[in-house]
Structure formats: C-alpha cells, structure tokens
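Here the structure comes first, spelled out in structure tokens, and everything after it is commentary.
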2 protein chains.
Amino acid sequence: MTYCVGIALQNGLVMLADTRTNAGVDDIATFQKMSVWEAPGDRMIALCTSGNLAVSQAVVDLLDEGVANDAGEVETLWTVSSMFNAARLVSRAVRAVYSEHGPAMRAQDMQFSQSILLGGQITGGQVRLFQFYPAGNYIRATEDTPFLQIGEHKYGKPILDRTVVHDMPLEDAVRAALVSMDSTLRSNLSVGLPIDLLVYRRDALRVGARRRIHDNDPYFENLREGWSQSLRAAYQSIAAPEWMRDI
Amino acid sequence: MTYCVGIALQNGLVMLADTRTNAGVDDIATFQKMSVWEAPGDRMIALCTSGNLAVSQAVVDLLDEGVANDAGEVETLWTVSSMFNAARLVSRAVRAVYSEHGPAMRAQDMQFSQSILLGGQITGGQVRLFQFYPAGNYIRATEDTPFLQIGEHKYGKPILDRTVVHDMPLEDAVRAALVSMDSTLRSNLSVGLPIDLLVYRRDALRVGARRRIHDNDPYFENLREGWSQSLRAAYQSIAAPEWMRDI
C-alpha cells in the first residue's frame, strides 16, 4: 500500500509520500515514490505514485525517456511547455505502459492499479496539482478542493477536511499533511516510514524544501506526540452530555 | 454503507450506529440498525448490523423467533444464559440465514455481506462485546482492543486509536464514539444521520441511555463545531519546522 497527499495552495504546493512497498506482509521494502524534475528558474515538477511498483517505475522512466505527443514530437517532463501538457504527457505515459504490460498482467489476473499525483509549476504558468487514475484520465485540484490523495487515503482524510483551505500558509499545510500521514501510519502497517516531503513556494521555480523524514526525526516525533496530546485534550474539552449525569 | 462502533469498558458499554441504507446514491432510506433486548434486572443486549439489509433483518428476526442449539433447544436473545451463548446464537442465526438465502444470492452474484456488533451483559456474567463476520465467526473486544467497528470504519478510527482505553470513563467513550461518527459522516455520504446511541453502565442490567440523535440535536451540533475548532487549534499549536523559515 501507499499513502501520498498533495496540497495546492495560493502560495505554493506541499507533497508528501511514504516509501513502503509490500507484496504481502512478509515481503516489505523501501522504495522512493516521489520523483522530482527541477530546472531552477524554469520548472519544478514532482510526481508521487501508488499501486503496482513495476508500473510506477515504468511510467517514471518513460517521463524521463520521452513519449511522443499527437504531433509525433517526443516530450519529457524536462521539455513540456506547461503543467497542462505535463499532465497530458503523464496520461500518455500511463497508457503506453498499459499497452506494453496490461494484457500480460490481465492474463494473470493482476490489476493494472496505478494512481499518480503530479504537482508543480513551469515558468509562465500557474501552480497545478493533478491526480491520475489507472486509465490515465485525471482531475485537477481547485480552490474548493485543494488537496488530493492516493493510496490508503481514508485514515488521513478527516484532518485534511477540517483544516485545509486554499489560502492557508504553506507551513500550516506542511503540518496538516504530516498529521494526516501520522494517522495513516498508525492504522495501516503497509504505509511506512521514512516519508518524503516536498515544499514549493509559488513562482520560486525551484524546490523550497525536500526532506526525507525517518523514524528518529525530532520534528516529526514531536509533532506525533504533540498531536496525540492535543487530540486527547481537545476531545476532553468537549462537555459531556447532560443526560449522562443520570446513568 | 453503515458505520457502527462499540466500546467495551471497565465500567460498561457504548454502542453507536448510523441509520442510512442505500442501494445506489439515488436510493437512500433510514433504517434502524441497532436492536436492543432489555429485561431489567436480568439482561441488556444490543446488536448493530451492517451489510445487506435483507440479511440483517432476517438475522434480527431469527434472534427473536429462536434458533435451535446443538441440543435441539430453541433459544432466543431473551433466553440465552450468557453473553457467550448469545454470541453462539447470533452465529447460528447468521448461518441459518445464509443457508436460506446464500445460494440464491450467490447465483445472482450478490455478496452475503454481513457484519454485526453484539454487546451487553446477562445477570451473573461480564460485559461483553463481539464482532461477527459474514461466515458467522466472531471475535471479542479485550482490554488491549476495547473498541470494535463495522462498516465504513477507516475515517473514524484515528480518533479511537488515540483516545480509547479500557478504563476510561463512560462519558469519555461517548464523546470519542460521537467524534468518530462525526468524522465518518463528513467523509462518506452513505453514512447518515440520525444516529442511535446506547450507553450501558456495568451491572445495571438495564439500558443506561438510548438516544436517537438527529441533525438538529444541540449537543451533537456543539460537539461537531467544538471538535472542529479544537482540531484546528490543536494542529496550529504544533510548532512549524525550523527549516520552513528559509523557504
């Protein structure tokens, strides 16, 4: 399993991915699920994947290697002219991998499970965040729904629902993403540390921060402990119902 | 979909169930999913169901009507001598319904999806909480894992993971269950108000409180609003990481 979340804000972008892959609970490994294409001053593009690792890696390799567009020109994430064209490129890459491996996988009843988050900015354009489905179709985050999740998304969604808004500061979104990841790590063993965090400030056209957070990371440890304490305090601050007095 | 949660505590039992059923998003109805067998001074037994409504209702009716045990005696939840025997009775009832309807359902590719929570106390015995799977097999809540969930359980699990312990006061468990339900209501439209809450104090052998909470319930409204505010405050109280300063 996997958990990745992206948050597109007025001021930038936050992306967070775990690194655990598993083929059964007795076969666990660490693979980076976040890839970054950065050409300072020109573009900063990040991509997170969940689903079949062979498919994910093939897609990422194709995005470097290049896929032809409708005009027959080979494009990569280094050459596309806009985030919209980056999304169309990812879509074509997913479909190219499906063409190559899909039929053989289907013949052995393996699912072509593949979800992707793509976020970033290319000079002259806006910050964009997209989510791709296994068929290569995709949606874009908006002001109404600024965050998108792939993989094991349910445990970490309530905190995002309650805190994430499009005009929040970048640092608040970092905390929300980390708390969301923490909730997921606690409940699903197939989502695991270390986690990869990327922070991007709008118009910087370079990575703001990219950090790998391990289980001994002092900030993340404090956040996890502080959050647990705050949660317990928060729910204890809610008054008990009056009708409980008589029970 | 459905969300039901049961919490078995040193001092008693809390059970909470939503009431929404759906056959597609365009076919939504309200059905009580919590049933109670109360004979004051002798027993208090509550049961919550999720899954196929036809199966759930057939199981509940059988528990009133009676199912024969291995000795050929017909037992109901009114007559079983212990919570362990109540669990065995529920198990037999699920299997009886499966015998009657399972093959026809399977022939039309309908799943025999059925999960049940059974909680309560019978005079002379302990407070017990069980969870049943579609095959009628079951597990029991313990001091290590005092809560059990059925249906759409993921959204509401993080708060339970962080707050529920076996020796917490009953009123704390009521708040934890309501907050857990609130998280689920927000994220899954197929879980809906009103919700049915049951509170039982150990050795009372009668219902402590049984309340149907509608969308205009002032206590639940306050809890939802207060909880959202507390959550936002809680995560804002976490310090921003030092390395965010440079971004």
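The values are calculated or read from the model by the stated rules, or taken from the named source; none is laboratory data. Remember, predicted model here, so these are calculated numbers, not experimental data. Cβ coordinates were reconstructed from backbone atoms using ideal geometry, including for glycine residues, and neighbour counts include every protein chain displayed. Side chains are part of the model used for accessible areas, which takes the heavy atoms of the whole protein and leaves out ligands, DNA and RNA. Shrake-Rupley method; radii C 1.70, N 1.55, O 1.52, S 1.80 Å.
How many residues, within the stretch A:19-37, are assigned to a strand (DSSP E or B) and surrounded by fewer than 16 Cβ atoms within 10 Å (Cβ to Cβ)? Let's see the steps before the verdict.
Applying the first criterion (assigned to a strand (DSSP E or B)) to the stretch A:19-37 yields A:20-22, A:28-30, A:34-37.
Pick out the ones that are also surrounded by fewer than 16 Cβ atoms within 10 Å (Cβ to Cβ) and you get A:28-30.
Selection size over the stretch A:19-37: 3.
In the stretch B:206-241, how many are assigned to a loop (DSSP other than H, G, I, E, B), open to solvent by 60 Å² or more (accessible area, probe 1.4 Å) and at pLDDT 95 or above?
Quick first cut of the stretch B:206-241, residues assigned to a loop (DSSP other than H, G, I, E, B) only: B:206-208, B:214-217, B:237-241.
After this cut, where a residue has to be open to solvent by 60 Å² or more (accessible area, probe 1.4 Å) as well, the list is B:206, B:214-216, B:237, B:239.
Going one step further and asking which of them are at pLDDT 95 or above, we end up with B:206, B:214.
Of the residues in the stretch B:206-241, 2 are assigned to a loop (DSSP other than H, G, I, E, B), open to solvent by 60 Å² or more (accessible area, probe 1.4 Å) and at pLDDT 95 or above.
Could you please tell me which pairs satisfy a Cβ distance under 6 Å, a separation of 6+ or placement on different chains, a first residue in the stretch B:1-20 that is closer than 10 Å to B:A46 by Cβ and in contact (Cβ under 8 Å) with a residue 12 or more places away in the chain, and a second residue that is surrounded by fewer than 22 Cβ atoms within 10 Å (Cβ to Cβ) and of a type in the set (D, E, K, R)?
Pairs found: B:A17/B:D196.
For the stretch B:186-205, state whether one or more residues are of a type in the set (D, E, K, R) and modelled with pLDDT under 95.
Initially, the stretch B:186-205 is screened for residues of a type in the set (D, E, K, R), giving B:186, B:196, B:201-203.
Retained after the next criterion (residues that are modelled with pLDDT under 95): B:186.
Yes, that holds for at least one residue.
B:G151 passes all but one of (1) out of contact with any helix residue (DSSP H, G or I) (no Cβ under 8 Å at 6 or more places or on another chain); (2) among the small types (G, A, S); (3) facing chain A (nearest Cβ under 10 Å); (4) touching a residue at least 12 places away in the same chain (Cβ under 8 Å); which number fails?
Every condition holds for B:G151 apart from (3).
With the requirement that a residue be out of contact with any strand residue (DSSP E or B) (no Cβ under 6 Å at 6 or more places or on another chain) and either assigned to a strand (DSSP E or B) or not small (G, A, S) (or both), what does the stretch B:38-51 give you? Can you show your working first?
Start the filter on the stretch B:38-51 by keeping residues that are out of contact with any strand residue (DSSP E or B) (no Cβ under 6 Å at 6 or more places or on another chain), which leaves B:39-42.
Passing the criteria: B:A39, B:P40, B:D42.
State the number of residues belonging to the stretch B:59-91 that are under 20 Å from the mean Cα position of the chain (by Cα) and assigned to a helix (DSSP H, G or I).
Residues that pass the stated criteria total 15.
Across the stretch A:84-101, what is the number of residues that are surrounded by fewer than 16 Cβ atoms within 10 Å (Cβ to Cβ) and of a type in the set (G, A, S)?
Residues meeting the conditions: 1.
Six or more apart or on different chains, Cβ under 9 Å: which pairs go from a residue in the stretch A:87-107 that's more than 20 Å from A:G66 (Cα to Cα) to one that's surrounded by fewer than 18 Cβ atoms within 10 Å (Cβ to Cβ)? Could you list them?
Hits for this filter: A:A104/A:M110; A:M105/A:A54; A:M105/A:Q111; A:M105/A:F112; A:R106/A:F112.
Considering only residues that are within 16 Å of B:R95 (Cα to Cα) and exposed (fewer than 15 other Cβ atoms within 10 Å of the Cβ), look in the stretch B:106-132 and name the one that is modelled with the highest pLDDT.
Only one residue fits best here, namely B:R106.
Somewhere in the stretch A:223-241, is a residue more than 9 Å from chain B (Cβ to nearest Cβ) and within 21 Å of A:Y3 (Cα to Cα)? It would help to see each step written out before you state the result.
First, pick out the residues of the stretch A:223-241 that are more than 9 Å from chain B (Cβ to nearest Cβ): A:224-225.
The next check asks that each one be within 21 Å of A:Y3 (Cα to Cα); those that pass are A:224-225.
The answer is yes, given that some residue of the stretch A:223-241 is more than 9 Å from chain B (Cβ to nearest Cβ) and within 21 Å of A:Y3 (Cα to Cα).
Tell me the residue from A:A209, A:A173, A:A177 that is within 8 Å of chain B (Cβ to nearest Cβ) and under 13 Å from A:M15 (Cβ atoms), please.
Details: A:A173 fails: within 8 Å of chain B (Cβ to nearest Cβ); A:A177 fails: within 8 Å of chain B (Cβ to nearest Cβ).
Residue meeting the stated conditions: A:A209.
How many residues are touching a Pro at 6+ places or on another chain (Cβ under 9 Å) and open to solvent by 20 Å² or more (accessible area, probe 1.4 Å) if we restrict to the stretch A:146-165?
1
Being touching a strand residue (DSSP E or B) at 6+ places or on another chain (Cβ under 8 Å), surrounded by 17 or more Cβ atoms within 10 Å (Cβ to Cβ) and of a type outside the set (A, V, I, L, M) is the filter here; which residues of the stretch B:167-189 pass it?
Matches in the stretch B:167-189: B:S180, B:T184, B:N188.
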